[in-house]
Amino acid sequence: MGITANARISISHFKNIPGNPLIYSDTDSAVLPLSLSKEFTGNLIGQMSLVNKIKEGFFIGAKLYCYVNNKKGSCCSICWN
């Protein structure tokens, strides 16, 4: 429970970036229309890294999304609790 709570606190920094509204987030990821500034990205623990550049996507709810990236790949996630 503590790890999840800390992850939610970490992601909350990305929820209100002026001019870069959050589209989707999970405990370890965030989808934003614009790239993050260098202060938030890197290889250290707690920093974010760019994994995909999304061309088109549908983000319905928690763990329910599908997107196509610029490399002509796709990813879909459906998780039922």
- Mind counting the residues in the stretch 25-81 that are within 12 Å of residue 14 (Cα to Cα), in contact (Cβ under 8 Å) with a residue 24 or more places away in the chain and exposed (fewer than 10 other Cβ atoms within 10 Å of the Cβ)? 0
- When you go through 57, 46 one by one, which is the residue that is small (Gly, Ala, Ser) and on the phi > 0 side of the Ramachandran plot? 46
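We did not get these values from a lab; they are worked out from the coordinates using the rules stated. In this text the structure is predicted, and so the values were computed from the model without any measurement. Glycine also receives a Cβ, built like all others from the backbone with ideal geometry; neighbour counts cover every protein chain displayed.
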